[in-house]
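J.: Next up is a structure, given as structure tokens.
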Amino acid sequence: MAGVKLSHVYKEFDKGNFAVSDFSLETGEHEFVVLVGPSGCGKSTTLRMIAGLEDITAGEIYIDGKLVNDMEPKNRDIAMVFQNYALYPHMTVFDNIALSLQIRHVPKDIIRERVMAVAETLGISQYLNRKPRALSGGQRQRVALGRAIVRQPKIFLLDEPLSNLDAKLRNQMRTEIIKLFHALGTTFIYVTHDQVEAMTMATKIVVMSDGLVQQIGSPREIYHHPSNVFTAGFMGSPQMNFFERCPLERKDGQYTLTFLGTRFLLPQEKQQQLSQKNVQSGEVIVGVRPEDIRLATQEDDDKVSALLEVSEMLGNEVLLHMRKAQESFIIRVPEFEDARFSQVGVAETTLELAIALSKIHLFDAETRVNLI
Ligand code: ATP
């Protein structure tokens with residue numbers, strides 16, 4: 001078992017153009033780390049630097065406590081699974097999986113035993129004599145995983161391994177990879193642009209944007225305590241609603257916040273957090289997740305009325321696209337709350353809403369960093 005450590009790692013492809021800047025990360029020995037972020041943010045480059053497929057411009061990378069900056073990929077004790085599977089088309093499934101052991105001159109009977117065991121785990125025993133072209137996408141991906149597992153590496157590196165699969169198969173393989181992670185007890189570093197994969201698979205998420213780490217944390221931390229507007233907006237679907245330039249006022253030790261045309265006295269917990277940080281009056285960005293706005297009942301204070309423009313029925317829940325003056329936002333309500341929402345074309349209805357003020361996020365209007 002082993003961990004990976006990256007210390008202030010940089011990658012400069014062209015002069016002055018950094019694909020990755022000041023990347024630092026330390027994993028535990030049995031950790032599922034997911035690097036997530038939009039296309040071009042430097043995820044694959046980071047993974048390839050760990051694998052040794054890409055030189056690093058500055059910084060240090062350690063695997064299992066050993067500095068590997070100048071170590072050949074083949075000596076790093078890692079296995080990588082690629083998006084395009086990278087199987088050898090002229091070899092059978094058995095030989096594709098066995099190849100790395102054959103190269104290392106592992107005795108034939110041990111190779112056979114290990115390939116059979118891996119094939120059994122992945123449910124591909126019946127395809128061992130086939131060539132990759134006679135397999136479905138999901139089966140090919142299993143072979144690619146098998147090829148990595150059979151080597152019993154210290155670290156698994158996976159680069160968007162599920163992105164070529166259809167939605168159903170992707171969900172199924174996601175569960176299988178989680179099971180594999182628990183069975184193998186090693187460290188997985190997994191690259192994806194899909195925030196659902198990140199949330200469901202990771203023990204630790206690294207959110208990246210423009211070559212920079214935005215936040216590192218558990219899925220819960222990232223979801224409930226995003227460190228800035230980027231992370232808050234990237235993680236969660238539908239994404240968090242943002243209201244720009246909302247006046248926050250501190251008067252006589254009490255904070256009030258105005259957004260959606262309403263002046264709210266913030267709840268006690270938020271008051272404390274703001275005064276502990278000595279936040280002064282000024283403009284803030286308010287972030288509210290769709291599930292933290294609900295249909296108001298008679299008991300609610302501070303109701304906000306807004307216009308329902310479109311409803312999207314998802315089965316167990318409905319997404320309501322709302323408008324109030326210039327602001328558009330989405331709320332998520334259980335399907336049974338109002339039968340009208342299950343019908344198409346309920347537009348132009350005014351609804352009374354209640355906002356869970358204890359769940360809102362406030363960000364600095366200039367730096368876009370989380371205040372509370
Ligand atoms: P994607 O999800 O699209 O694969 P990514 O987050 O994995 O994106 P990278 O592939 O790591 O992003 O690329 C990061 C940046 O580095 C991009 O701007 C890309 O154009 C650039 N880049 C990657 N490889 C090279 C290269 N060999 N030469 C020059 N620039 C490169």
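The values are calculated or read from the model by the stated rules, or taken from the named source; none is laboratory data. Bear in mind the structure is a predicted one, so any value in this text is a computation, not a measurement. Cβ atoms come from the backbone with ideal geometry, glycine included; neighbour counts cover every protein chain shown. To get the accessible areas, we keep the full protein, side chains included, count just its heavy atoms, and leave off ligands, DNA and RNA. Shrake-Rupley method; radii C 1.70, N 1.55, O 1.52, S 1.80 Å.
J.: Which one of Leu157, Pro38, Leu6 is farthest out on the positive end of the charge dipole of region 4-234, using unit charges on Cβ (Lys, Arg +1; Asp, Glu -1) and the Cα centre as origin?
T.: Leu157
J.: Continuing with this model, one more query. Please list, by residue number, every one of the GluC sites (Glu not before Pro) in region 1-68 that is coil in DSSP and has at most 14 other beta-carbon atoms within 10 Å.
T.: Numbers: sites: Glu12, Glu26, Glu29, Glu31, Glu54, Glu60; in loops: Glu29, Glu31, Glu54.
Within region 1-68, the qualifying GluC sites (Glu not before Pro) (loop, at most 14 other Cβ atoms within 10 Å) are Glu29.
J.: What's the whole-number percent of alpha carbon pairs in the chain lying beyond 34 angstrom?
T.: Details: 28945 of 69006 pairs.
Every Cα pair in the chain considered, those over 34 Å come to 42 percent.
J.: Right, here's the next one. With just the Cα atoms of region 147-198, tell me how far they stretch along each of the three principal axes, in Å, largest first.
T.: The principal-axis extents, from largest down, are 29, 18, 18 Å.
J.: Continuing with the same structure: Any idea what the dipole of region 86-153 comes to, in debye rounded to 20, about its Cα centre with Lys/Arg Cβ at +1 and Asp/Glu Cβ at -1? Numbers along the way, then the final one.
T.: Numbers: 11 positive and 4 negative charges, 40 e Å.
With Lys and Arg at +1 and Asp and Glu at -1, about 200 debye.
J.: On the Cα set of region 255-333, report Rg and Dmax in Å, please.
T.: In Å, with Rg to one decimal and Dmax whole: 14.7, 44.
J.: Separate question: Can you tell me the accessible area per residue over the chain, all protein chains present, probe 1.4 angstrom, in square angstrom?
T.: Accessible surface, normalised per residue, equals 49 Å².
J.: Let me spell out the model: positive unit charges on the Cβ of Lys and Arg, negative unit charges on the Cβ of Asp and Glu, origin at the Cα centre of region 166-313. What dipole size does that give, in debye rounded to 20?
T.: Details: 15 positive and 19 negative charges, 85 e Å.
For this selection, approximately 400 debye.
J.: What does the charge dipole of region 241-364 about its Cα centre add up to, to the nearest 20 debye, if the Cβ of each Lys and Arg holds +1 and the Cβ of each Asp and Glu holds -1? Intermediate results must be reported in sequence, preceding the final value.
T.: Values: 14 positive and 21 negative charges, 83 e Å.
I would put it at about 400 debye.
J.: Would you work out which of His321, Leu248, Val288 lies farthest towards the positive end of the dipole of region 241-364, given +1 charges on the beta-carbon of Lys and Arg and -1 on that of Asp and Glu, about the Cα centre?
T.: Leu248
J.: Roll a 1.4 angstrom probe over the protein heavy atoms and tell me the percent of accessible area of region 199-309 that is carbon or sulfur.
T.: Working: 2380 of 5300 Å².
Roughly 45 percent, rounded to a whole number.
J.: Here's a follow-up. When only C-alpha pairs under 8 Å and at least 6 residues apart count, what is the relative contact order of region 100-212, in percent?
T.: On the way: 68 pairs, mean separation 25.0, N = 113.
Answer for region 100-212 is 22 percent.
J.: State whether region 107-168 is rounded, prolate or oblate according to the following rule on the C-alpha gyration tensor (a ≥ b ≥ c being the square roots of its eigenvalues): a/c under 1.5 gives rounded; otherwise a/b larger than b/c gives prolate, and the remaining case gives oblate. Don't skip to the answer; put the middle values down first.
T.: Values: a/c = 2.47, a/b = 1.31, b/c = 1.88.
Here region 107-168 falls in the oblate category.
J.: A further question follows. Can you list the equivalent-ellipsoid semi-axes of region 221-358, largest first and in whole Å, using the square root of 5 times each Cα gyration tensor eigenvalue?
T.: 28, 17, 13
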